[in-house]
Amino acid sequence: MEMNEFFEYMGSGKIVIPGSEIQCMFYELAQEALKITMEINNKYHTPEELVELFSKLTGVEVDPSFRLFPPFYSECGKNIRVGKNVFINACCKFQDQGGIRIGDNCLIGHNVTLATLNHDFNPDNRAAIYPKPVRIGNNVWIGSDSTILPGITIGDGAIIGAGSVVTKDVPANTIVAGNPARKMKHIKEGEV
């Protein structure tokens, strides 16, 4: 299976059947991601080296403004895209098979999880997987220990309070917090 076929299938939201060609590709990509994240996580690297390693993990060139504080964990790597001036703090976990898109000028706090897969609710078919992408707009701040669930879109300028579990889309310029995350405030232009 070619990478573009993998991306197209995962973007379709169709079920991933256990033992299928697409699931086999999951495991191949996971092995490569494990090798690269082990390199990222187990010795010191300069910021420039981390840009290079993250580019290798994602398979696309990452902007030199990108910053990462390891450790970092990914189950695929190839379906992550990050904009300019993105900062990812330590201990983040990206389950990116379904696709993760992060806009420019985003801050992602410690121990944030971005999940793009769900399992079937039927116990007899529990190993089946349903992919849905996570999309994060520009100028977003995600607080430490937050979890963003599959299929969520976070609008430009939004803030996700620390420890939140985001189960619904977040409009632009909105602060949400809690489990499940609820709207706390709308950010007005120029507000500090």
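The values are calculated or read from the model by the stated rules, or taken from the named source; none is laboratory data. These numbers come from a predicted model, not from an experiment. Cβ atoms come from the backbone with ideal geometry, glycine included; neighbour counts cover every protein chain shown. What goes into the accessible areas is simple: the full protein's heavy atoms, side chains included, and nothing from ligands, DNA or RNA. Shrake-Rupley method; radii C 1.70, N 1.55, O 1.52, S 1.80 Å.
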Quiz item: Tally time: how many residues in the stretch 78-116 are of a type in the set (K, R) and over 21 Å from F26 (Cα atoms)?
Solution: 1
Exercise. With the checklist (1) in contact with a His (Cβ under 8 Å, 6 or more places away or on another chain); (2) free of Cβ contacts under 8 Å to residues at least 40 places away in the same chain; (3) surrounded by fewer than 16 Cβ atoms within 10 Å (Cβ to Cβ) in hand, flag the one item N125 doesn't pass.
Key: (1)
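Filter the stretch 41-55 for residues that are farther than 21 Å from V134 by Cα and either under 15 Å from the mean Cα position of the chain (by Cα) or open to solvent by 30 Å² or more (accessible area, probe 1.4 Å) (or both) and give the result.
Filtering the stretch 41-55 down to residues farther than 21 Å from V134 by Cα leaves 41-53.
Within the stretch 41-55, N41, N42, K43, Y44, T46, P47, E48, E49, E52 meet the criteria.
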Quiz prompt | Members of the stretch 41-50 that are closer than 18 Å to S65 by Cβ and in a helix (DSSP H, G or I) | solution = P47, E48, E49, L50
Exercise. Would you point out the residue of the stretch 4-40, among those that are open to solvent by 60 Å² or more (accessible area, probe 1.4 Å) and at pLDDT 95 or above, that is nearest to C91 (Cα to Cα)?
Key: M38
Exercise. Within the stretch 128-180, work out how many residues are touching a residue at least 40 places away in the same chain (Cβ under 8 Å) and farther than 22 Å from E75 by Cα.
Key: 3
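To keep it simple, each residue is scored yes or no on (1) of a type in the set (D, E, K, R); (2) within 22 Å of S20 (Cα to Cα); (3) in contact with a Lys or Arg (Cβ under 7 Å, 6 or more places away or on another chain).
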position	(1), (2), (3)
M38	no, no, no
K43	yes, no, no
E75	yes, yes, no
A128	no, yes, no
Practice problem: Kindly check whether there is at least one residue in the stretch 162-177 that is touching a Leu at 6+ places or on another chain (Cβ under 6 Å) and open to solvent by 60 Å² or more (accessible area, probe 1.4 Å). | Solution: yes
Practice problem: Quickly run through the stretch 77-96 and pick out the residues that are surrounded by 22 or more Cβ atoms within 10 Å (Cβ to Cβ) and either farther than 17 Å from P131 by Cβ or at pLDDT below 95 (or both). | Solution: V82, V86, I88, C92
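Which is more than 10 Å from the chain's Cα centre (by Cα), more than 14 Å from M38 (Cα to Cα), small (G, A, S) and at pLDDT 95 or above, of G99, G59?
Numbers: G99 fails: more than 10 Å from the chain's Cα centre (by Cα).
Unique residue meeting the criteria: G59.
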Quiz prompt | Answer residue from the stretch 107-122, given it is more than 23 Å from G11 (Cα to Cα) and open to solvent by less than 70 Å² (accessible area, probe 1.4 Å) and is nearest to the chain's Cα centre (by Cα) among those | solution = I108
Practice problem: Residue by residue through the stretch 62-76, note down the ones that are buried (at least 23 other Cβ atoms within 10 Å of the Cβ) and in a loop (DSSP other than H, G, I, E, B). | Solution: C76
Exercise. Mind counting the residues in the stretch 128-149 that are open to solvent by less than 20 Å² (accessible area, probe 1.4 Å), under 20 Å from V82 (Cα atoms) and part of a loop (DSSP other than H, G, I, E, B)?
Key: 4
